[in-house]
């Protein structure tokens with residue numbers, strides 16, 4: 001069995017092409033028998049000239065030559081010298097020597113021998129010498145492979161990346177062709193110049209403080225998106241990687257930067273915001289495709305996008321370009337923008353308005369043709385100029401134009417009111433959070449009396465909030481805002497807890513308001529059924545008041561919910577019935593037990609005959625369907641007597657009691 005060194009040598013030699021040159025038949029036979037143990041590819045030559053010819057003519061280069069010195073025709077030293085003339089260092093050469101060849105050592109060294117083996121060969125000498133030489137060959141092959149890869153990487157990188165090198169001071173020492181192409185400068189114009197020759201004025205010096213700290217002080221790689229300016233003034237965006245190159249002492253020798261042009265993929269909105277940031281005084285015009293939602297419903301996504309793109313390409317030609325607009329920003333969803341420095345457009349509000357009227361007239365005459373589609377397009381506009389929140393102003397202007405069906409809206413300052421509302425909403429959300437944390441979400445209960453017996457038979461559960469000043473806040477001031485945050489479901493669960501606990505404090509029915517959101521919200525719905533099971537003995541005294549609403553998204557889910565809770569004996573009431581979204585057919589589907597007549601009808605019952613007629617109709621309908629009725633906002637005796645006379649079963653209002661704590 002071969003030892004470990006032999007196994008290692010076999011692995012090193014198996015892919016090496018060997019040229020063995022020896023003229024003695026006996027010695028050749030003996031040496032070959034040993035070499036074949038390690039090498040798979042051996043060529044044998046019997047004299048130096050043949051060995052040289054093999055070496056020179058081989059299509060696949062030899063990597064190792066093992067040769068004797070005393071060779072006929074061309075001796076080993078001459079053969080080595082001529083081999084080195086062709087390729088001085090690519091091949092490794094081992095010389096076979098005997099004790100009598102000592103005088104030739106200096107000559108073989110000068111000729112370029114890499115090692116020696118004494119004849120006759122013995123494994124103890126052969127293995128370390130061959131191992132040392134073949135390891136060098138392997139390392140050389142790996143280096144060559146690495147260099148080939150690096151050259152290919154360099155070629156690919158040069159073709160795909162924008163490359164530059166600078167010295168430690170930031171002076172450009174190298175640029176590739178792509179750098180010159182995108183910047184518009186020649187290499188001669190760039191070399192020897194500081195890198196800020198291409199810095200866009202939108203990128204202030206302060207923007208590069210973190211950049212220099214990373215590459216210069218921390219000596220780390222920096223990556224980011226940079227906006228540059230070409231020689232002709234055009235802006236372009238590049239995704240940039242900058243690497244400091246260090247010497248053996250850890251000092252920075254130079255910086256190499258690789259960039260990729262991402263101008264085409266940078267969103268128009270980002271480019272618009274960059275422009276507005278750089279031009280604090282600017283005129284901004286937003287153009288919105290009118291009835292864009294309808295457009296989306298009628299056509300597939302691909303067609304809508306084609307219509308948008310086609311329209312966007314025509315806008316610059318449709319706009320009476322008195323001030324030199326250079327481009328149109330496509331902000332998606334049918335929204336476009338024109339923007340220009342205020343110094344280039346000193347027009348008054350009235351002058352801009354007049355231009356936009358002509359623009360919209362041009363749009364009106366336009367028919368967009370995409371494939372087989374002909375779309376008669378229309379648009380609305382908003383415009384503004386200023387310093388602060390200019391885009392926000394214009395965007396709110398578009399929203400107002402849509403809502404009020406106005407063709408043009410002057411939008412300066414509109415975002416101020418929205419900003420104040422947002423601040424108030426934030427304050428309200430904070431108040432809600434504090435109230436929840438401090439258990440200051442409470443329930444008040446307003447009595448509902450039987451109009452015949454004047455006995456309290458029901459209570460409506462009404463949520464209240466106590467703020468940090470101890471003030472009692474009605475749901476009008478916080479509940480809708482809570483729906484926009486993550487606290488609404490917490491409030492609902494607190495109200496449910498309070499309402500079910502009230503079953504233990506009174507023998508009356510407890511009426512709880514539920515919205516479509518509550519019923520469609522899986523977590524809240526599951527919590528309701530948990531409480532119904534927990535209070536199953538008293539669940540028949542629960543009344544769920546469902547608000548008539550156009551916000552019901554899943555009528556089937558609402559119907560299933562009603563059927564499921566009725567199995568616990570729960571009653572269903574329709575709240576605020578008679579205004580808004582009354583639908584008698586849907587009402588029959590829900591099969592409510594109670595109709596609560598909207599307070600706006602009851603409040604003016606004595607002075608408004610129309611209201612009286614509606615209420616009478618509701619009462620007759622309810623009686624025929626065997627549903628009970630409740631009049632809300634019964635504020636005094638006169639209204640009470642009227643609703644009682646009309647046959648309404650119950651009254652709720654200040655005439656019988658305000659909401660109070662139990």
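Assorted remarks:
- Here the label points at residue 212 and residue 378, each 7 Å from Cα along the C-beta direction, are separated by 5.7 nm in the simple model.
- Binned Cα-Cα distances of segment 269-412, short to long, each 10 Å bin given as a whole percent: 12, 44, 34, 9, 0
- Estimated [θ] at 222 nm from DSSP helical runs (n ≥ 4, -39500 (n - 2.57)) normalised by residues in the chain, nearest 500: -13000 deg cm²/dmol
- Residues residue 300 and residue 84, FRET efficiency given R0 of 56 Å [Cβ-Cβ distance, rounded to 0.05]: 0.15
- For a paramagnetic label modelled on residue 361 (point 7 Å from Cα along Cα→Cβ), amide N atoms under 16 Å away belong, within segment 378-415, to 379, 407-408.
- Residue-span extension gain [residue 403 to residue 181] - 0.36 nm each, minus C-alpha spacing: 75.1 nm
- For the chain, the longest principal axis of the alpha carbon atoms and the long axis of helix 488-502 meet at an angle near 40°.
- Seen against the Cα atoms of the chain and their longest principal axis, helix 555-566 is set at about 60 degrees.
- The calculated FRET efficiency for residue 636 paired with residue 590, based on their beta-carbon distance and R0 = 25 Å, is about 0.20.
- Take the convex hull of the alpha carbons in segment 448-531; its mean projected area over all directions comes to 7.1 nm².
- Residues 155, 203 arranged by fewest to most Cβ contacts within 10 Å: 155, 203
- Net length gained if the chain between residue 477 and residue 424 were fully extended (0.36 nm per residue, minus Cα distance): 18.0 nm
- Net lengthening on full extension, residue 316/residue 267 (0.36 nm per residue, minus Cα-Cα): 15.8 nm
- Computed from the C-beta positions of residue 248 and residue 98 and an R0 of 35 Å, the FRET efficiency is 0.20 to the nearest 0.05.
- Using C-alpha pairs below 8 Å separated by at least 6 residues, the relative contact order for the chain is 6 percent.
- Taking every C-alpha pair closer than 8 Å and separated by at least 6 residues, the mean separation divided by the residue count of segment 161-261 gives a relative contact order of 29 percent.
- Taking label points 7 Å from Cα along the Cα-to-Cβ direction, residue 563 and residue 468 give a separation of 5.0 nm.
- Size descriptors for the chain (Cα atoms only): Rg and Dmax, in that order, 44.9, 141 Å.
- For 261, 393, order by how many other beta-carbon atoms lie within 10 Å, fewest first: 261, 393
- Note on segment 331-405 and segment 423-501: Cα centroid distance 44 Å, given to the nearest whole angstrom.
- With neighbour counts taken as other beta-carbon atoms within 10 Å, the residues 464, 486 rank, fewest first, as 486, 464.
- Dividing the convex hull volume of the alpha carbon atoms of segment 161-261 by its residue count gives 89 Å³ per residue.
- Dimensions of segment 425-651 based on its C-alpha atoms, expressed as ranges along the principal axes with the largest first, amount to 48, 39, 35 Å.
- Segment 224-286: C-alpha gyration tensor shape, a/c 1.5 cut-off, then a/b vs b/c: prolate
- Based on Cα contacts under 8 Å between residues 6+ apart, segment 269-412 shows a relative contact order of 32 percent.
- Nearest 10 degrees, 0 to 90: helix 25-35 Cα axis against the chain principal axis: 20
- Relative to its Kirkwood radius, the Cα radius of gyration of segment 266-321 gives an Rg/Rh of 1.05.
- Counting only Cα atoms, the size of segment 392-491 along its three principal axes is 61, 38, 23 Å, in decreasing order.
- Remark on segment 4-145: ratio of C-alpha radius of gyration to 2.2 N^0.38 Å is 0.96.
- Cα→Cβ-extended label distance, 7 Å offset, between residue 40 and residue 613, nm: 10.4
Throughout, read-outs are computed from the coordinates displayed, never taken from laboratory work. None of the values given here were measured: they were computed from a predicted structure. Glycine gets a Cβ as well: all are built from the backbone with ideal geometry, and neighbour counts include every protein chain shown.
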